[in-house]
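Student: Quick one: the structure is below, and I'll ask about it shortly.
The values are calculated or read from the model by the stated rules, or taken from the named source; none is laboratory data. As the structure is a computational prediction, the values presented were derived from the model and not from experiment. Note: ideal-geometry Cβ built from the backbone for every residue, glycine included; neighbour counts use all protein chains shown. Protein only, heavy atoms only, side chains kept; ligands, DNA and RNA dropped before computing areas. Shrake-Rupley method; radii C 1.70, N 1.55, O 1.52, S 1.80 Å.
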Amino acid sequence: MTNQFEETMYIDEISINNKRVSFITKCVALLGTFLSTSSYCVNASELTLNVVTPSGSPATDIVSFIRPTKGINGLPLNDVPLYIGQQDKKFAPYITVMQKGQSINFVNHDDITHHIYSVSGENRFEFKIKAGGEITTQPLQSAEEVAMGCNIHDWMSGYVLVVDTPYFGKTNEDGQITFDLPETGEYELSLWHPQLDVTNNRIKQLLNVTQANVNISISLPQNLLPIPEQVGQEDFDFLDEY
Amino acid sequence: MVKLVVGGALIFFSSITFAVETSLKGILDVHAYHVNNTSDAYSYLKGDYGKFRFDTGTGFALAQLGIRYELEWQNNFSATIVGNAFADRGNNEIGITEAFVRYKGLPSQNGWRFQSKLGVFYPSISLENVATAWSTPYTLTSSSLNNWIGEELRHTGVNFSIEKLGKASKSSHSFSADLSLFQNNDTAGTMLTWHGWTMGSRQALLHEKLVVQDFPARDNLLAEQAAKSDPFIEIDHRWGAHIATSWRIENKLKLNLGYYDNMAEEGLVEHGQYTWATDFIHAGLKYKLTKQWELISQYMKGDTAMKSLTGIDVVKAEYDNMFLMMRYQRLAHHVAMRFEHFNVDDQDETIGDNNNENGNGVTLSYRYQLSKKQFILSEFNWLRSERPSRSYELQPVDLVERQYQLAYRLYF
């Protein structure tokens with residue numbers, strides 16, 4: 001996931017004396033001046049997060065995001081629409097994460113119509129999407145959970161977490177995710193999953209990132225609740241609902 | 001009433017300029033069958049006491065050609081019309097079975113969803129008849145319980161449904177409550193009483209009249225009764241009510257409970273059609289035991305009664321029915337086994353109109369899925385019933401019937 005931000009984060013141009021120099025150049029220039037006070041130096045940091053279940057096995061698909069405590073002013077915005085498919089009468093993927101201001105691009109790969117909705121919070125939408133159809137929403141402007149459903153197939157559900165930071169992703173099969181942070185400093189790390197049965201389905205932790213390479217391991221306070229099976233009770237989706 | 005509802009709906013929607021989508025779905029079901037019974041009785045559809053839709057012997061039938069046509073607007077309104085055709089050795093009919101306008105709202109943030117229907121539609125009772133045009137995907141015949149619903153019950157009126165979807169609160173449990181107010185069901189119970197429970201795949205069409213069995217009381221106390229019963233007629237201009245509730249646990253369990261009462265005022269007759277006061281409770285369970293095995297069961301118990309114009313209790317009967325089906329599915333193979341038991345308990349003093357009945361049925365059905373929407377089915381039905389009224393036709397009271405069917409079915 002971090003690929004799409006890699007370039008932006010490393011280049012991160014700023015302006016000094018009407019000349020645009022790269023973030024790395026600036027760092028080198030400042031190094032001499034502030035050698036004795038290293039805390040003023042903005043070093044990039046690679047932060048690797050490992051999330052495990054209480055029994056120690058990797059926790060996959062855990063939405064993780066990192067927000068600088070000093071705010072996100074000046075950080076890059078992502079405006080590439082987020083893809084969510086409808087495949088085999090399921091949201092694919094079941095969980096996604098995006099930055100505030102992004103749109104969602106829904107693509108229906110099934111041979112039947114879906115009636116997609118989000119009816120909670122500020123990020124509301126609703127439309128029918130025909131077999132093979134594609135619909136892109138307006139940019140979502142509220143950082144919160146979006147619970148999606150289909151008004152034709154009640155068993156379908158999917159989640160998007162809208163976050164107010166460019167540093168986000170989901171843990172991979174090894175329960176791991178890497179963030180390339182442009183500078184050391186204080187961050188707030190959040191983990192979220194719709195089946196994480198704690199307040200707001202998330203846990204938070206403050207991080208003081210001081211080194212170029214940081215490894216963090218977090219154990220979930222409890223096992224995830226089972227994800228409801230995304231299948232109807234009837235054998236064939238083409239049957240009518242009586 | 002039907003024309004009024006559909007006409008009104010069309011006028012309403014023609015004034016709305018929302019984009020409209022149309023869809024056409026259907027079922028084609030052709031059977032080869034062989035029926036034998038211990039007295040060569042004809043089918044109940046011909047006014048005899050055979051409990052299957054096909055007569056004794058061997059034949060081919062267009063068991064069902066069902067079409068469902070739907071207009072859908074962007075504002076959550078839709079209009080649906082369902083037509084069916086059946087053809088078998090002189091028993092050929094084509095017509096409409098349902099026509100309604102529906103509103104299906106979006107769930108609220110808390111998972112509450114409101115729906116409403118206006119028109120002619122099936123009551124929410126059957127857990128078998130869930131496929132296009134009220135067909136059952138599990139077997140070739142509906143159980144006797146649901147076959148009666150297909151023959152004599154249809155709501156002409158309005159339905160309101162409120163649901164609580166569990167997923168909005170990340171709960172596995174969803175609930176619904178459903179109220180229908182209906183007319184045109186004043187004769188419900190007539191056929192159940194006079195020919196008893198039957199097993200098959202034949203639905204009554206809205207225009208159709210059903211042949212009433214010939215029994216001695218029709219020559220005296222019931223001389224006024226028409227030769228054919230009109231199942232969807234309004235006589236007393238009173239509204240009937242049906243309440244149905246359901247509880248679901250994800251895709252594992254569905255439990256229904258309901259109460260139907262046509263609220264008919266007894267003792268009225270119009271063109272040979274009497275009012276029958278009919279009510280019953282019903283319950284249904286669909287439970288997925290494993291990924292392959294599912295249990296489906298329904299139960300019904302109720303009363304029906306009709307009075308002469310002079311206020312005499314001519315017919316009074318209690319009835320009950322229960323079936324239990326286990327079905328197993330693996331890849332393209334599906335096997336269903338169904339056991340059913342039914343009763344009618346005659347409680348009136350009318351001579352020449354004995355409506356007592358009890359019986360048991362066994363169904364074994366195998367389905368093979370040829371392609372996504374094409375199936376081959378084979379089925380064996382065994383039905384044993386005791387019905388004293390058969391003696392009016394000089395038939396044995398105790399009848400065993402067997403039916404073998406081989407079918408090709410296409411959903412389109």
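Student: Determine the dipole magnitude for the stretch B:2-411: charges of +1 sit on the beta-carbon of Lys and Arg, -1 on that of Asp and Glu, nothing else is charged, the reference point is the Cα centre, and the result goes in debye to the nearest 20. Numbers along the way, then the final one.
Tutor: Working: 40 positive and 46 negative charges, 545 e Å.
In debye, rounded to 20, the stretch B:2-411 gives about 2620.
Student: Please give the residues from the stretch B:129-151 for which the solvent-accessible area of heavy atoms, probe 1.4 Å, is smaller by at least 50 Å² with all protein chains in place than with the chain isolated.
Tutor: Buried on complex formation: B:V130.
Student: Using a Förster distance of 45 Å, how high is the FRET efficiency between B:I281 and A:K130, based on the Cβ-Cβ distance and rounded to 0.05?
Tutor: 0.60
Student: Next question. Out of B:A19, B:A277, B:A336, any idea which swings most in a Gaussian network model of chain B, alpha carbons joined below 10 Å?
Tutor: So, out of B:A19, B:A277, B:A336, the one fluctuating most is B:A19.
Student: Under a Cβ-Cβ cut-off of 15 Å, what is the net charge of the residues other than B:S169 that fall near it, where Lys and Arg count +1 and Asp and Glu count -1?
Tutor: Its environment carries a net charge of 0.
Student: Note the per residue figure in Å³ for the convex hull of the C-alpha positions in the protein assembly as shown.
Tutor: On the way: hull volume 102.6 nm³, N = 654.
So the per-residue hull volume is 157 Å³.
Student: Let me ask you something else. Got a sec? Which residues in the stretch B:278-319 would a label at B:L253 touch, if it sits 7 Å along Cα→Cβ and we count backbone N under 18 Å?
Tutor: B:283-299
Student: Using +1 at the C-beta of Lys and Arg and -1 at the C-beta of Asp and Glu, which of B:W197, B:F339, B:W239 has the Cα lying farthest in the positive direction of the dipole of the stretch B:2-411?
Tutor: Sorting the options by dipole projection puts first B:F339.
Student: Counting only heavy atoms of the protein chains, get the accessible area per residue of chain B (1.4 Å probe) and round it to a whole Å² value.
Tutor: Computed with neighbouring chains in place, this is 38 Å² per residue.
Student: How large is the Rg to Rh ratio of the stretch B:2-411 when both quantities use alpha carbon positions and Rh follows Kirkwood?
Tutor: Using Cα coordinates only, the ratio equals 0.96.
Student: Return the distance in nm (one decimal) between the two label points of a simple spin-label model at B:E393 and B:E270, each offset 7 Å from Cα along Cα→Cβ.
Tutor: 3.0 nm
Student: In nm, to one decimal, how far is the modelled label at B:I243 from the one at A:L225, with both set 7 Å along Cα→Cβ?
Tutor: Once both label points are built, they end up 3.0 nm from each other.
Student: At 1.002 mPa s and 20 °C, plugging the Kirkwood radius over alpha-carbon pairs of the stretch A:82-163 into Stokes-Einstein gives what diffusion coefficient in µm²/s? Walk me through the numbers on the way to the answer.
Tutor: Working: Rh = 12.3 Å.
Translational D for this selection: 174 µm²/s.
Student: May I pose another question? How far is it, in nm, from the label point at B:Q347 to the one at A:Q138 when both lie 7 Å from their Cα along the line to the Cβ?
Tutor: It is 6.2 nm.
Student: Could you work out the relative contact order of chain B? I mean the mean sequence separation of Cα pairs under 8 Å and 6+ apart, divided by the number of residues, in percent.
Tutor: Relative contact order for chain B comes out at 14 percent.
Student: Further, regarding this structure: Compute, for the stretch A:155-242, the length of the dipole vector about the Cα centre, with Cβ point charges of +1 (Lys, Arg) and -1 (Asp, Glu) only. Units Debye, rounded to 20.
Tutor: On the way: 3 positive and 14 negative charges, 121 e Å.
It works out to roughly 580 debye.
Student: Estimate the FRET efficiency between B:K301 and B:F412 by the formula 1/(1 + (r/R0)^6), using the beta-carbon distance for r and 35 Å for R0, to the nearest 0.05. Intermediate values should be presented prior to the final figure.
Tutor: Numbers: r = 38 Å, r/R0 = 1.09.
It comes to 0.40.
Student: Give the interface area between chains A and B as buried accessible surface, both sides summed, probe 1.4 Å, in Å² to the nearest 100. It would help to have the intermediate numbers written out before the result.
Tutor: On the way: alone 13510 and 17440 Å², together 27600 Å².
The A and B chains share an interface burying roughly 3400 Å².
Student: Among B:L370, B:A283, B:N92, flag the residue with its Cα farthest along the positive direction of the charge dipole of chain B, charges on Cβ as +1 for Lys/Arg and -1 for Asp/Glu.
Tutor: Sorting the options by dipole projection puts first B:L370.
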